[in-house]
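Derivation of every value follows stated rules applied to the coordinates shown; laboratory data play no part. Remember, predicted model here, so these are calculated numbers, not experimental data. We place every Cβ from the backbone using ideal geometry, glycine too, and count neighbours over all the protein chains shown.
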Amino acid sequence: MLPSLWHSLKDADVVHLHLARDLVMLPAAFLCLIRRTPFVVQTHGMIDESDKKLAKILDTLITLRVLRASKRCFWLTPEEQTSLAGFLGPGHGTLERLVNGVPQADAAVDKGTTSFEFLYLARLHRRKRPAVLVEAATLLAKTIAKPIEVAFVGPDEGEESEVRRK
C-alpha cells in the first residue's frame, strides 16, 4: 500500500486520513508529511492520551508530529474534542468540529422504492452500536408498509451475537 500511496500523493491536493495508532494510517500520514502533501485527520476517538509504553513511543516519534502538522484535526463529539485538546496541549489551533456527513432522510417521502434499505458498514463493536440499527429498523417496520432490509458488513468484534439475537 505504501509505495502506491507514495506515487498517488504527488497528484493529491489534500488527503483526509482516518487516523489511528496502527501500522497503516500512521505510516500513511507520515508519507504525507515527507511528501509535503497537505492532509487533514479525523481520529474518531482512536487517539487519546495513553499509559501504554508502545503508545507513548509512537506518540513521541510519529503521532503528535502528524497531528500537529495536519491542516485540520476533526472531532465529532465534545469528549473527543476534550481528549484531543489535552493530548495536543494548549494553543493547538487546528481542532475543528466535523459533523457526520449523511443528511437526515425524510422517511415519510415515498421515493417509489419497494423497500427501505440500510447498510451498516463498520466493525461490529459495542462502541459502534450496531444493535441500535436493528432496534431502529424494528421500530420503523411497525410504522410503514414497506419491507425493511438491513445489511451488516464488517468484522465481528463482539456484537454479532447481540445483533443476530435482536
Exercise. With each label point set 7 Å from Cα along the Cα-Cβ vector, what nm distance links Lys10 and Val150?
Worked result: 4.8
For this session: State the Cα centre-to-centre distance between region 69-99 and region 1-29 in whole Å.
Result: 20
For this session: From zero up to wherever the largest Cα-Cα distance of region 1-64 sits, split into 10 Å bins and tell me the percent of pairs in each.
Result: 20, 53, 23, 4
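Just to be sure I understand: if I project the alpha-carbon convex hull of the chain onto a plane and average over all orientations, what area do I get in nm²? List each step's numbers first, then the result.
Numbers: hull surface 51.3 nm².
Approximately 12.8 nm², given one-decimal rounding.
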Exercise. What number, rounded to the nearest 500 deg cm²/dmol, is the helix-based mean residue ellipticity at 222 nm of the chain, given -39500 (n - 2.57) per DSSP H run of at least four residues and division by all its residues?
Worked result: -10000 deg cm²/dmol
